[in-house]
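Asks: This is the structure I want to talk about, given as structure tokens.
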Amino acid sequence: MSIVALADGQQSSVTLDVLHDVAARNNIRIASKADEEAYLLVLQSADMTAANVDSLPDYIDPRLEPVPTTGGREYWKSKNNSHNAWSHQAHIVAEKPLSDVLKGRKVIMKDNMSVYGLPHTCGTFPQLVSKDGKYPIAKIDATITKRLLEAGATIAGTSTCENYSLTPMSYTSANGPVHNPWLHDHNTGGSTSGGACLLALGNARAAGVPGLEEAGEDIDMAMGGDQAGSIRLPSAYCGVYGLKPTHGLVPYTGIAGLHPMIDYTGPMARKLEDIAILLTVVAGYDGLDTRMTPESPLRQHVADYAKQLASEEHPGKGLKVGIIMESLSAPGTQSKVAEIVRSAALEHFKASGATVSEVSVPMHLLGPAIWTAATRAHLAGLAIGGRIPDVLSHNIPHLSLRWPPDQEMYDLLTVANPAVINIIFCETFLKEKFGPEVQAKAHRHVLQLRAAYDKALEEFDVLITPTTPAVAPPHPDLRPEAEGGSSVMDKIKLAVGSTNHTCPFNVTGHPALNVPCGWAPARNGSGMLPVGMQVIGKRWDDIGVLKAAKAFELGGGGLGAWPGQTKG
């Protein structure tokens with residue numbers, strides 16, 4: 001590795017003490033005086049070079065410049081927010097949209113996405129994402145924000161997301177818990193908690209669910225983020241559609257990520273056709289996102305998913321559906337949920353003309369462990385510390401994440417979201433105990449896991465699992481533990497196993513869609529909650545997943561009527 005310049009003769013704050021401290025932290029002692037002088041000089045040179053670059057004015061790629069809008073970019077806190085789903089409201093419309101595909105449609109953005117002029121919270125506390133203790137104001141439009149505005153959408157604001165997007169539950173945001181519209185004090189799922197809630201409000205109001213008068217206005221569509229199931233899981237808990245596209249189909253530029261291998265953004269909606277419309281608008285290469293590959297389509301080559309879906313009159317004809325056997329009896333999967341998913345798939349796919357049978361994919365049960373081992377040793381630095389990926393990327397210029405962790409971070413987050421502290425501890429421990437070997441081996445097993453699903457998809461057009469092992473749980477008791485509130489372990493246990501059917505597809509890259517398919521009793525018997533079915537397709541066959549979901553609908557499948565309240 002070359003050295004671009006030497007700091008010879010220049011004053012430097014890098015002293016011999018600094019050099020020896022750096023060496024000691026690498027378990028090295030420098031004994032030679034000549035070596036000491038040489039390494040001090042090159043360390044001073046590195047310091048000089050980095051300082052020179054740090055002194056340059058910042059550069060933001062012109063492709064991320066904000067879309068000109070009518071009426072500016074004002075935002076406000078919602079006065080009607082009983083379910084805590086809104087982060088900030090707005091009414092943003094492009095001055096000169098390039099199309100009217102989404103004209104008049106209100107879209108909400110998860111609050112880890114850049115919307116120029118709006119606060120960017122990442123669901124956490126302001127002092128953890130900025131140096132001045134205030135939420136930073138976005139300096140760019142994320143690629144998907146720009147594409148939505150150019151398609152005529154109205155950006156209605158940002159929805160509450162979970163703390164650092166690091167939980168599948170909905171009680172961790174600095175805003176407080178997000179409540180399920182179908183059953184208050186229950187989780188909406190996370191981390192796209194607010195988006196799922198705001199979508200479900202429309203359905204719940206239409207069904208006559210009481211207590212929603214102060215929950216805020218309805219929206220039409222939402223954009224979510226998904227690293228382990230954070231689009232699909234809240235969609236399942238709330239009874240709406242949510243798609244994790246093929247990895248690399250939709251650019252993630254301008255969105256706070258967790259790990260490039262598992263970062264996804266995708267559409268959420270009440271109607272399947274709206275999923276297709278949104279996907280058509282946001283998909284395609286942007287020239288900035290390193291998650292995209294040579295397989296990613298250029299914008300002009302993106303399929304018209306909405307048109308293809310609408311033109312398919314008999315999507316069930318010839319369709320082969322395989323239910324993954326292991327998903328129905330996996331540890332933690334409630335038998336009631338498994339039976340609802342299995343029965344719905346058999347009845348409604350067959351009614352549309354499809355053939356349905358079970359298929360064994362034994363590696364499905366190993367998927368969660370592979371997902372964990374493949375990412376956990378680097379997750380804290382990337383997701384919480386703001387370390388940029390090791391390939392060229394356009395990071396978010398307005399975020400200044402606090403790192404390394406300190407006692408204040410611990411005190412805040414062990415109460416709000418202990419999963420964040422767990423991620424920090426795990427990274428340190430796994431790196432020190434295992435080094436890179438286990439993570440490298442896990443990456444090879446990702447390819448094996450992908451091959452296992454691909455083999456099943458040679459026989460079937462789509463695969464089926466429950467989206468979640470169980471229906472939405474109640475929120476933990478958020479009072480201080482000393483006052484009888486839930487403990488750290490209580491909160492951690494709430495999420496254990498909840499993403500076991502979704503996270504494998506984050507590492508393998510297959511498209512996966514939550515499809516509402518029925519109702520099951522709440523865990524505490526206080527009411528009925530939605531059940532979701534996950535439809536998985538071949539990589540880059542996102543339209544095949546959408547067509548399969550349409551076949552399910554045409555066969556009579558769907559969420560079904562709200563069963564009403566149950567007396568607790």
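Asks: Could you tell me which residue out of ILE28, PRO119, SER99 lies farthest along the dipole of region 1-122 toward its positive end? Charges go on the beta carbon: Lys and Arg +1, Asp and Glu -1, centred on the Cα centre.
Replies: About the Cα centre, the residue reaching furthest to the positive side is SER99.
Asks: Determine the shape class of region 411-522: with a ≥ b ≥ c the square roots of the Cα gyration tensor eigenvalues, call it rounded for a/c under 1.5, and otherwise prolate if a/b is greater than b/c, oblate otherwise. Show your work: numbers first, answer last.
Replies: On the way: a/c = 4.01, a/b = 1.28, b/c = 3.13.
Judged from the Cα gyration tensor, region 411-522 comes out oblate (a/c at least 1.5, b/c at or above a/b).
Asks: A further question follows. Just to confirm my numbers, what's the Cα centroid distance between region 85-107 and region 213-248 in Å?
Replies: 18
Asks: Given R₀ = 35 Å, what would the calculated FRET efficiency be for LEU478 paired with PHE429, taking r from the Cβ atoms and rounding to 0.05?
Replies: Efficiency, rounded to the nearest 0.05: 0.80.
Asks: Would you mind checking region 200-242 for residues with the amide N under 12 Å from a putative spin-label position 7 Å along Cα→C-beta of GLU312?
Replies: Those under the cut-off are none; the list is empty.
Asks: Would you kindly state how much longer the chain becomes between VAL438 and ARG63 on full extension, computed as 0.36 nm times their sequence separation minus their alpha carbon distance, in nm to one decimal? Don't jump to the answer; show the numbers that get you there.
Replies: Numbers: separation 375, 0.36 × 375 = 135.00 nm, distance 3.82 nm.
Using 0.36 nm per residue and subtracting the Cα-Cα distance, I get 131.2 nm.
Asks: Can you compute the modelled spin-label distance between ASP454 and VAL496, with each label point 7 Å from Cα toward Cβ, in nm?
Replies: 3.5
Asks: Give, in nm to one decimal, the length gained when the segment between ALA207 and TYR410 is fully stretched (0.36 nm per residue of separation minus the Cα-Cα distance).
Replies: Stretched out fully, the ALA207 to TYR410 stretch lengthens by 68.8 nm.
Asks: A further question on this structure: Taking the simple approach of a point 7 Å from Cα along Cα-to-Cβ for both GLU339 and VAL53, what is their distance in nm?
Replies: 6.0
Asks: Can you give me the Cα centroid spacing of region 1-59 and region 401-453 in angstrom?
Replies: So the two Cα centres are separated by 30 Å.
Asks: Which distance in nm do the two modelled labels at ALA369 and SER357 give, with both placed 7 Å along the Cα-to-Cβ direction?
Replies: Inter-label distance under the simple model: 3.0 nm.
Asks: Anything over 20 Å Cα to Cα? Flag those among LYS96/LYS244; LYS455/LYS550; LYS455/LYS538; LYS244/LYS538, in the order listed.
Replies: Too far apart for the 20 Å limit: LYS96/LYS244; LYS455/LYS550.
Asks: Sticking with this structure for a sec: Give me the dipole magnitude in Debye, nearest 20, for the chain about the Cα centre, with unit charges on the beta carbon: positive for Lys and Arg, negative for Asp and Glu.
Replies: Magnitude of the dipole: close to 1200 debye.
Asks: Still on this structure, please answer the following. Rounded to the nearest 500 deg cm²/dmol, what is the calculated helix-only ellipticity per residue at 222 nm for the chain, with -39500 (n - 2.57) per DSSP H run of length n ≥ 4?
Replies: Helices in the chain give a 222 nm mean residue ellipticity of -10000 deg cm²/dmol.
Asks: In nm, what is the difference between 0.36 nm times the number of residues separating ALA5 and HIS301 and their Cα-Cα distance?
Replies: 102.0 nm
Asks: So, one more: Between ASN524 and ALA38, how high is the FRET efficiency from 1/(1 + (r/R0)^6) when r is the Cβ-Cβ distance and R₀ = 56 Å? Nearest 0.05.
Replies: Efficiency, from the Cβ-Cβ distance: 0.25.
Asks: Nothing charged except the Cβ atoms of Lys and Arg (+1) and of Asp and Glu (-1): what's the magnitude of the dipole of region 1-56 about its Cα centre? Round to the nearest 20 debye.
Replies: Roughly 140 debye for region 1-56.
Asks: Follow-up question, since we're still on this one. Where the centroid of each part is defined by its Cα atoms, how far is region 116-132 from region 532-568 in Å?
Replies: Region 116-132 and region 532-568 have Cα centres separated by 36 Å.
Bear in mind these aren't lab numbers, they're just calculated from the coordinates by the rules spelled out. Note that the structure is predicted; figures quoted are calculated from it, not measured. Here Cβ is always computed from backbone atoms with ideal geometry, including for glycine, and neighbour counts include all displayed protein chains.
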